[in-house]
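Presented below is the structure to which this report refers.
The values are calculated or read from the model by the stated rules, or taken from the named source; none is laboratory data. Every value quoted in this text rests on a predicted model; they were computed, and no experiment measured them. Neighbour counts are summed over all protein chains in view; Cβ atoms, including those assigned to glycine, are modelled from backbone coordinates with ideal geometry. With ligands, DNA and RNA removed, areas are computed over all heavy atoms of the protein, side chains included. Shrake-Rupley method; radii C 1.70, N 1.55, O 1.52, S 1.80 Å.
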Amino acid sequence: MRSKPTLDEYLSTNIEIKDGVLSSSLLDISIMDDQETLIMEESAKVICKNGGDILNVGFGLGIIDSYIQQHKIKSHTIIEIHPGVIQHAKNLGFDKKARLCQGDWRVWVSKFKEEGKKFDGIYFDTYNITEESNRQLTNQLSEIDSTLNVGNLIGVINTYQNYKINRKLSS
């Protein structure tokens, strides 16, 4: 198995979507596949249960975003770092249904904090490209939690860290 690429290498490579699988030629595994559909559907029910403003970090194939759109929500924001995945989101029409934010989620969360923007539900499912980002993930989740309205929900999936869905109430 080859070593993980740098973030710049990953962002400059093309992504491929074929047979329900999102992949990159730089990675030995898929980034996302449609086998995650059931957990995405159930997760959307959880994070949208209070309605309001919903944030998804990591668009992937757009599965959860399609389910989020089926709920009565005030707004839908998507953060995605890969330009090819952003283009896929646009091709699916999400630029007309949601606010698409291209770039690193940490930068966008900082902007949201500066703006005083809060969310009523957050779904976090990213593929961490670098080993360093995997090590820092647990500490950085408190940053995204700071944009969650009190009493609402965040769902986190990160298979590299062996997380399953983690629902927690913001304190």
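Structural remarks
- Only listed residue being more than 14 Å from the chain's Cα centre (by Cα), open to solvent by less than 10 Å² (accessible area, probe 1.4 Å) and at pLDDT below 80, chosen from SER24, SER3, SER12: SER24
- Number of the condition not met by GLU36 [criteria: (1) under 22 Å from LEU7 (Cβ atoms); (2) surrounded by fewer than 22 Cβ atoms within 10 Å (Cβ to Cβ); (3) among the acidic types (Asp, Glu)]: (1)
- Residue within the range 81-89 that is open to solvent by 10 Å² or more (accessible area, probe 1.4 Å), in contact (Cβ under 8 Å) with a residue 24 or more places away in the chain and more than 17 Å from ILE17 (Cα to Cα) present: no
- Inside the range 50-80, residues that are of a type in the set (Asp, Glu) and either within 19 Å of ILE17 (Cα to Cα) or under 12 Å from the mean Cα position of the chain (by Cα) (or both) make up a count of 2.
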